[in-house]
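Everything below concerns the one structure shown next.
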């Protein structure tokens, strides 16, 4: 890791390079005040008030950007104080509303508040509160954000894409709403996920918010409750399937890249069959990735490698880890595929992979080769390898049975089933073949976590390594001891993957680029923190983490011959950059919220 002085320098450079020149606007008067991108509220200087027709439309006192930020934070803390004792969901939605109102009014101030308070605000604009927002989207909707392409728009998307006002878009996050977090099919209400993800792209990766696009592909919903809900805003029809479904996604992809050929697209919260299908369909044609499959896998791989270090072993021992994965959806299979590829990449194919270190469990129990109608994606990880198989474990064996007999080094949950790591399962982890077993309860939102950290440390022992997908507080173990809760969240990786792909001008996003991102994150933590049980860094340092991850992705793209350069930076220049120079290049290209001087056209 860089020394702290260099870290501080790179962040100062990022802010310095973000100092804007004058911005030419065609609006005047109240039209400026009603545009959240140009609006500065009471921070408009008197000279701008004169030339933009604002004099008399604002209170006479000019308030600085810093004062505005402090005023908002005072209002936010007042809300926190006034809602103490209220239900957690009520408080979370109240916090989301106050942030959303600021977003609707003044985007520059909104992103300044988000960046400077990322640890507190990420759980509101992103997981877990975003799940609540999606569930209640019909009632919370106030103004449009992003674009909606529906099954009724077939044949019109190539022209529709030009309705988006931004001339350039760098980052697109798209969902079809079919598998929102662990909440299932939420149809058009899933638009909250792309909006939240792109807020993190702005805050963590410094993507310019004028160059982002949240997208909802509304192909219907199979959620009968939504179809009967009078506030539901999407198509009231069953989901399209087969070729009809793919034709909608195909048309959107062609339209998006026809207008913005250098954009990066992230697929988010597609149900398993379409997640894998669309990834394979587009990954060699467009610069895209699926965060549920590849982002989750990368974060999990970083955690698995960190767990090996925390157990006092070398990374070469990763191949010997016994890992039980609970959840055979897109995320669980994605983790197994990336772990498999990491073994081949890190050890040069010297060791044959036979899948024998993994046990995969779904709702029907342990998956073995005896499973009838096994999903093709899960088939490579089905058990049944002859004499070395754990005695007595058969098709459909329960989670408790598997943990007791396998004695895994790692228990990893991506099931979406809250509490599935019950007391019996956690107590069984005390008999792990590792002196320091790892328990990852990675399902989101919070209510879907496989277990709480409090229960994990109580029943599995104080020496475990614990990680969750949603934020939890550290656990007080008594006698001055702390049970550290690591947040194994995709926001550590997807901003850097997207930014690195963008700044390298990558033709597509390869497995090598994704694994380089995961390995970078895994190496970020110091040995001192690892010994404490800390395997993921603090969210508060997300911009620096993203700088490092983005630089690793750029390097991998160049090394694999996938980079084409970005803007004025050629592939030749990229190829001659050292690692530190690449990180500085990434930091310089991060947007930071500063009010631009406005000049009327």
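Laid out as a table, the results:
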quantity	calculated
Exclusive hit being within 23 Å of the chain's Cα centre (by Cα), outside any helix (DSSP H, G or I) and over 19 Å from residue 470 (Cβ atoms), set 112, 61, 84, 145	145
Answer residue from the stretch 154-163, given it is touching a residue at least 60 places away in the same chain (Cβ under 8 Å) and part of a loop (DSSP other than H, G, I, E, B) and is surrounded by the fewest Cβ atoms within 10 Å (Cβ to Cβ) among those	155
Flag for residue 79 being assigned to a helix (DSSP H, G or I) and under 24 Å from residue 204 (Cβ atoms)	no
Helices (runs of 4 or more DSSP H) contained in the stretch 425-539 and holding at least 1 residues touching a strand residue (DSSP E or B) at 6+ places or on another chain (Cβ under 8 Å) and surrounded by 23 or more Cβ atoms within 10 Å (Cβ to Cβ)	453-460, 494-504, 511-522
Residue under evaluation residue 170, criteria (1) buried (at least 17 other Cβ atoms within 10 Å of the Cβ); (2) under 28 Å from residue 447 (Cα atoms), criterion not met	(2)
Answer from 283, 345 - the residue that is surrounded by fewer than 19 Cβ atoms within 10 Å (Cβ to Cβ), closer than 23 Å to residue 550 by Cα and touching a strand residue (DSSP E or B) at 6+ places or on another chain (Cβ under 8 Å)	283
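Conditions (1) in the same structural domain as residue 532 (by TED's automatic domain parsing); (2) under 25 Å from residue 293 (Cβ atoms); (3) at pLDDT 95 or above, marked per residue:
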| residue | (1), (2), (3) |
| --- | --- |
| 380 | no, yes, no |
| 383 | no, yes, no |
| 387 | no, no, no |
| 394 | no, no, no |
| 400 | no, no, yes |
| 404 | no, no, yes |
| 411 | no, yes, yes |
| 430 | no, no, yes |
| 441 | no, yes, yes |
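The values are calculated or read from the model by the stated rules, or taken from the named source; none is laboratory data. On a predicted model such as this, the values are computed, not experimentally measured, just so you know. Note: ideal-geometry Cβ built from the backbone for every residue, glycine included; neighbour counts use all protein chains shown.
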